[in-house]
Amino acid sequence: MKNPVSRRRFMYGVASVAGATFAGPYILRAAEPGKEKLRIAFVGTGGRAGGHIPLVEPIKEGAKGSTLLKGHACPAYCDVDKGHWSKIAAWQPNAKQYTDYRKMFDAHEKEIDAVFVAVPDHNHACAAAIALRAGKAVYCEKPLTWSVSEARALAELAAEKKVATQMGNQGHANEGNRRVVEWVRGGVIGDILEVHSWTNRPIWPQGGQKRPPTQPIPADLDWESWIGPAPMREFGYNVDAQGKKIDKSGYHPFSWRGWLDFGCGAIGDMGCHTWDCVFWSMQPDYPEKVELVKIVNSSKEMWPSKSQVK
């Protein structure tokens, strides 16, 4: 299948990176041998720099950073929504703030050892590629990229630059996953003929929804940078009869996952978790064929509300 590169995606740098999966040692230990204090830049601060599986713990009165980042520095961070800056500014008040990660890298490349990427899927490859080209260690949230070709491109870059990389698949370290791998490899449950996996996703609007009506862009939101390499879409969200914004509608900050332009749907959100121990324990090769058994509410612009794939 041909995948022509749009002008926006070219301008954001993905066209010139053309792997395998991201894997690597702990970023906090491997960015620069012999150097204890690392300088970490963030691309996206609304979720992981103070979120539910945080690199930086939620800020409490008197708290300064987290145990994971204790003793490390943050020269700069980027988030398209200035409303998210406070979550990291409380413990790194001297860090420079940006809404465009390209400008952050241009200004602080020599001050950065490692980069943490936690933004919507469509911007993963662009931000990670810029960091890798500069020889920086990269932690990138899952799914690693928006497309398979982008994943292959990043893997090639990581191999070329020989820096520490890691994809955000936190469940990989859980005892349950490790135990399943031991059972399968030890032959405890015998030969495996079938594996069934499911998820409660999507928990966001998905499948045949109309684009939200255009709304004024909030003053604190850099919508151009949020769109990044994706096709331009007008900012918008749905409203009720009284004109009040309806929660979990539109694109930012939550409902982007359901849109083909920005997210990877339920499979991209949960596949790396629910299939992790399967690939880890059995190490299967690429599938010989894929069958779409069932699809509900298919759409040209959104992932379906439900699907079954064999």
Would the range 233-240 turn up any residue that is hydroxyl-bearing (Ser, Thr, Tyr) and in contact with a Cys (Cβ under 9 Å, 6 or more places away or on another chain)? no
Residue count, the range 157-208 (criterion: hydroxyl-bearing (Ser, Thr, Tyr) and either assigned to a helix (DSSP H, G or I) or under 30 Å from Val296 (Cα atoms) (or both)): 2
Could you give every pair whose Cβ atoms fall below 8 Å, whose first residue belongs to the range 102-120 and is more than 16 Å from Lys37 (Cβ to Cβ) and basic (Lys, Arg), and whose second residue is open to solvent by 20 Å² or more (accessible area, probe 1.4 Å) and in a helix (DSSP H, G or I), counting only separations of at least 6 or pairs across chains? Arg102/Ile130
Filtering the range 220-232 down to residues that are part of a loop (DSSP other than H, G, I, E, B), farther than 14 Å from Gly263 by Cα and open to solvent by less than 60 Å² (accessible area, probe 1.4 Å) yields Asp222
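Scan the range 240-250 and tell me whether some residue there is crowded, with 18+ Cβ neighbours inside 10 Å and out of contact with any strand residue (DSSP E or B) (no Cβ under 7 Å at 6 or more places or on another chain).
In the first step, residues of the range 240-250 are kept if they are crowded, with 18+ Cβ neighbours inside 10 Å; the result is 250.
Subsequent filtering for residues that are out of contact with any strand residue (DSSP E or B) (no Cβ under 7 Å at 6 or more places or on another chain) retains none.
No, the range 240-250 contains no residue that is crowded, with 18+ Cβ neighbours inside 10 Å and out of contact with any strand residue (DSSP E or B) (no Cβ under 7 Å at 6 or more places or on another chain).
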Yes/no for Thr165 being out of contact with any helix residue (DSSP H, G or I) (no Cβ under 7 Å at 6 or more places or on another chain) and hydroxyl-bearing (Ser, Thr, Tyr): no
Every residue in the range 78-124 that is of a type in the set (Phe, Trp, Tyr), closer than 22 Å to Leu144 by Cα and assigned to a strand (DSSP E or B), please. Phe116
When Cys126 is run through (1) closer than 30 Å to Ala73 by Cβ; (2) loosely packed, with under 13 Cβ neighbours inside 10 Å, the failure sits at (2)
Within the range 164-200, take every residue that is within 19 Å of the chain's Cα centre (by Cα) and among the aliphatic types (A, V, I, L, M) and give me the one that is nearest to Gly258 (Cα to Cα). Met167
Looking at Glu141, Glu175, Glu150, which is the one that is at pLDDT 95 or above and of a type in the set (Asp, Glu)? Glu150
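Give the residue that is most open to solvent (accessible area, probe 1.4 Å), with candidates limited to residues of the range 253-305 that are outside any helix (DSSP H, G or I) and in contact with a Lys or Arg (Cβ under 6 Å, 6 or more places away or on another chain).
Going residue by residue through the range 253-305, those that are outside any helix (DSSP H, G or I) are 253-254, 259-264, 275, 283-305.
Now drop any that are not in contact with a Lys or Arg (Cβ under 6 Å, 6 or more places away or on another chain), which leaves 254, 263, 291, 293, 296.
Working: Phe254: 75, Gly263: 0, Glu291: 97, Val293: 72, Val296: 46 Å².
In this case the residue turns out to be Glu291.
Can you tell me which residue is nearest to the chain's Cα centre (by Cα) among those in the range 129-159 that are farther than 18 Å from Leu38 by Cα and open to solvent by 30 Å² or more (accessible area, probe 1.4 Å)?
Step one: list which residues in the range 129-159 are farther than 18 Å from Leu38 by Cα, which gives 129-130, 133, 141-159.
Checking the rest, the ones that are also open to solvent by 30 Å² or more (accessible area, probe 1.4 Å) come to 130, 133, 146, 148-149, 152, 156, 159.
Working: Ile130: 15, Arg133: 19, Trp146: 9, Val148: 14, Ser149: 16, Arg152: 16, Glu156: 19, Ala159: 20 Å.
Among residues in the range 129-159 that are farther than 18 Å from Leu38 by Cα and open to solvent by 30 Å² or more (accessible area, probe 1.4 Å), the one nearest to the chain's Cα centre (by Cα) is Trp146.
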So which residues in the range 84-99 are surrounded by 15 or more Cβ atoms within 10 Å (Cβ to Cβ) and either touching a Ser or Thr at 6+ places or on another chain (Cβ under 8 Å) or of a type outside the set (Lys, Arg) (or both), if there are any at all? His84, Trp85, Lys87, Ile88, Ala89, Ala90, Trp91, Gln92, Ala95, Gln97, Tyr98, Thr99
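Answer yes or no: is there a residue in the range 211-219 that is assigned to a loop (DSSP other than H, G, I, E, B) and open to solvent by less than 50 Å² (accessible area, probe 1.4 Å).
Applying the first criterion (assigned to a loop (DSSP other than H, G, I, E, B)) to the range 211-219 yields 211-213, 215-219.
Add one more test, that the residue is open to solvent by less than 50 Å² (accessible area, probe 1.4 Å), and what stays is 212, 215.
Checked against the condition, which is being assigned to a loop (DSSP other than H, G, I, E, B) and open to solvent by less than 50 Å² (accessible area, probe 1.4 Å), the range 211-219 yields at least one hit.
Take the conditions open to solvent by 80 Å² or more (accessible area, probe 1.4 Å) and in contact with a strand residue (DSSP E or B) (Cβ under 8 Å, 6 or more places away or on another chain) and apply them to Lys162. Does it pass? Explain how you work it out, then say what you get.
Values: open to solvent by 80 Å² or more (accessible area, probe 1.4 Å): yes; in contact with a strand residue (DSSP E or B) (Cβ under 8 Å, 6 or more places away or on another chain): no.
For Lys162, the condition - open to solvent by 80 Å² or more (accessible area, probe 1.4 Å) and in contact with a strand residue (DSSP E or B) (Cβ under 8 Å, 6 or more places away or on another chain) - is not met.
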Report whether or not Ile40 is open to solvent by 40 Å² or more (accessible area, probe 1.4 Å), outside any helix (DSSP H, G or I) and either under 24 Å from Ala173 (Cβ atoms) or modelled with pLDDT under 70 (or both). no
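The values are calculated or read from the model by the stated rules, or taken from the named source; none is laboratory data. Predicted model only: the values in this text are computed from it and were never measured. With ideal geometry, Cβ positions are generated from the backbone for all residues, glycine too; neighbour counts draw on all protein chains shown. Ligands, DNA and RNA are stripped out before the accessible areas are found, and what is left, the full protein with its side chains, is counted by its heavy atoms. Shrake-Rupley method; radii C 1.70, N 1.55, O 1.52, S 1.80 Å.
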